[in-house]
Every structure is written in C-alpha cells, then in structure tokens.
1. Go through segment 148-160 residue by residue and tally those that are open to solvent by 20 Å² or more (accessible area, probe 1.4 Å) and hydrophobic (A, V, I, L, M, F, W, C).
2. Does Glu236 satisfy the condition of being open to solvent by 80 Å² or more (accessible area, probe 1.4 Å), at pLDDT 95 or above, more than 30 Å from Arg37 (Cα to Cα) and out of contact with any strand residue (DSSP E or B) (no Cβ under 9 Å at 6 or more places or on another chain)?
3. Can you find a residue in segment 193-211 that is at pLDDT 80 or above, of a type outside the set (A, V, I, L, M), over 26 Å from Gln42 (Cα atoms) and in a loop (DSSP other than H, G, I, E, B)?
4. Test each condition in (1) under 20 Å from the mean Cα position of the chain (by Cα); (2) open to solvent by 50 Å² or more (accessible area, probe 1.4 Å); (3) charged (D, E, K, R) for Asp168 and report the one that comes out false.
5. Scan segment 165-185 and tell me whether some residue there is under 28 Å from Gln42 (Cβ atoms) and at pLDDT 90 or above.
6. From the list Pro145, Pro189, pick out the single residue that is surrounded by fewer than 19 Cβ atoms within 10 Å (Cβ to Cβ) and over 23 Å from Leu106 (Cα atoms).
7. Which of (1) touching a residue at least 24 places away in the same chain (Cβ under 8 Å); (2) more than 16 Å from Cys124 (Cα to Cα); (3) touching a strand residue (DSSP E or B) at 6+ places or on another chain (Cβ under 9 Å); (4) not in a strand (DSSP E or B) does Phe227 not meet, given it meets every other one?
8. Which residue is most open to solvent (accessible area, probe 1.4 Å), if the candidates are limited to segment 199-225 and must be under 21 Å from the mean Cα position of the chain (by Cα) and within 27 Å of Pro93 (Cβ to Cβ)?
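The values are calculated or read from the model by the stated rules, or taken from the named source; none is laboratory data. Here the structure is a predicted model, which is why all the values come from computation and not from measurement. Note that we place each Cβ from the backbone using ideal geometry, even for glycine, and neighbour counts take in every protein chain shown. Each accessible area value is taken on the protein alone, full model and side chains, heavy atoms only, with ligands, DNA and RNA left out. Shrake-Rupley method; radii C 1.70, N 1.55, O 1.52, S 1.80 Å.
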Amino acid sequence: MNRAELADFLRRGRARLEPSDVGLAPGARRRTPGLRREEVAQLAGMSVDYYTRLEQSRGPRPSRQMLSAMARALRLTAAEHDHLFHLAGEEPPRRETASAHVRPGLLLILDRLYDTPAQLVNDCGEVLAQNAMAKALVGDVMSRPRRERNLVRRFFLDPTARSLFLDDDHAPHARSHVANLRAVTAARPDDPEPAALVAELRASSEEFARLWNEHEVSLRNRATKRFQHPLVGLLELDCEVMLSHEHHHLLIVHTARPGTESYERLQLLRVVGLQDMVPSESEAETP
C-alpha cells in the first residue's frame, strides 16, 4: 500500500469535484475548491475520521468494498478506479462479471435526478448508488454492509424489507425478483455471482425455492409500484428501468404523475428527505 500516493490521489480527486457534480447543495461559502471530506465520506458511506486519516497518509488499508465506495464517491473512471486499487495494494476487480464500478456518466445522470428517487443496481439486485430521494424513499442502502445491499436477498431473507410494500404486492414482487434472477443466471452461466445467490436463497427461503422451481423468466422492466412510506403515506409510483449493457447495470427511476396525490406526497418527501444533505454552519469551516 502506497499511503502517500493514495492520499494525494484522494485529495486531488476531491478537489476537482463541486457539490453540484454529485447532487449535493453547495451550502455555505467554501474556503477551498472541491468537496469537503465529510461530503466524500457521506457519499462513500464511511466515517469522516477514517477518510481523513487516509488523506493524511496514516489510515489502515481500505477494504475492497471501501475502495469501490470511494471510487463511486469521487466519480472515478474505470482506469482511475483500477489505479486506486493498485495504490492500496489490491488487484482491481475482474471485468468479465457484473462490475461494482459505476461509470461517471451514469453517476452524473443519477445526480441530476434531484427531484425523483433513482438508484443504480446490478442485474443481480445489488444497489451500487442512490440519490438523496431514493434514500428518503427506501432508506440509505449504501450505509449497510455489502451483503445487505442486495434487493433480492433482503426481500426473501429480511422480513423488514417488505414493510414498504402493501401486503397484496408481496407475491408479485417475489415472482418478479425470481424471474429476473433466473434470466440473469441463464445469460451468464459462467459467472459465479448469480449462481451463488440462487444457491443461497434456495437453501434459505422456501418461498424462493418454490418460485424458482416454477421456471418463470423475465427481465426487470417498467411497472407501477406502491410504497407505504412511514412519513408521507401511500405513494403510487411509475418505475422506469434503463439498462447499461457494458457492466450489467440498471438505472431505476420512480416518478409520480403530476396532479395526483402521490405527486404531492413525493414533493413532501423531497423536503423531508433532503434536510440532512445540506451542510450545517459548523461544517462550513472544514477544508
């Protein structure tokens, strides 16, 4: 691990970004250009102290999961992503499977969707990035350990994951998850990731095993979903799915039709959900 080079690379990456580049409000006047350390830490789902130590060449070696999170936070290109891994003494992830690295262009699109929930997932259901509205709608998935970021695993193994959906919608959501995962597994028979997920869920969930044996196949596509949000109530949202073939990534966007009650509630959620994204006056003095 080259601590000095890693620290310099992180500092330079932070300095070249503005809050608007990553979907954050500018907040108070800044003494230095670029993002603040706490903003990078927030985007990466890590502590400010840990990130600060890395920039000061005194932090421990970051995990592979943390390196990927910092690469997303700093909007690194694929080459820069691999360079970050090399500086930390790690081999970059292989490219032939679904990559956890998200292209800066996709992250830029995600950041610009400031008034509607949107998140990037891979085709196996792992959440790779969220905007502020998505966090307000379904929670801050990126702050959880990586195993808990997979939508399919959580839906079948974590009872709390279904609390946002109406009881009548649980069965169709379950079928959709299984049918999509079957399509992904068939399309990438040599990729161990979807195969391992299927094996785990067949062994751990009777519901998943039953649905898997029915052999339904379909990919994620547009739909209307109902969310029972604890603060703003029932939201009926149109779900649009846009596919990036290069790394098997999906951009999932939820919108409400103007003039509906769900549209008004979504605007209210925006006010509530973005309150914690604006830096306080005390944070303004942090370089």
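1. Residues meeting the conditions: 3.
2. So Glu236 fails the test.
3. Within segment 193-211 (the criterion being at pLDDT 80 or above, of a type outside the set (A, V, I, L, M), over 26 Å from Gln42 (Cα atoms) and in a loop (DSSP other than H, G, I, E, B)), the answer is yes, since at least one residue qualifies.
4. Of (1) under 20 Å from the mean Cα position of the chain (by Cα); (2) open to solvent by 50 Å² or more (accessible area, probe 1.4 Å); (3) charged (D, E, K, R), only one is false for Asp168: (1).
5. Yes: segment 165-185 contains one or more residues that are under 28 Å from Gln42 (Cβ atoms) and at pLDDT 90 or above.
6. The unique qualifying residue is Pro189.
7. Here Phe227 meets the rest and fails (4).
8. Leu219
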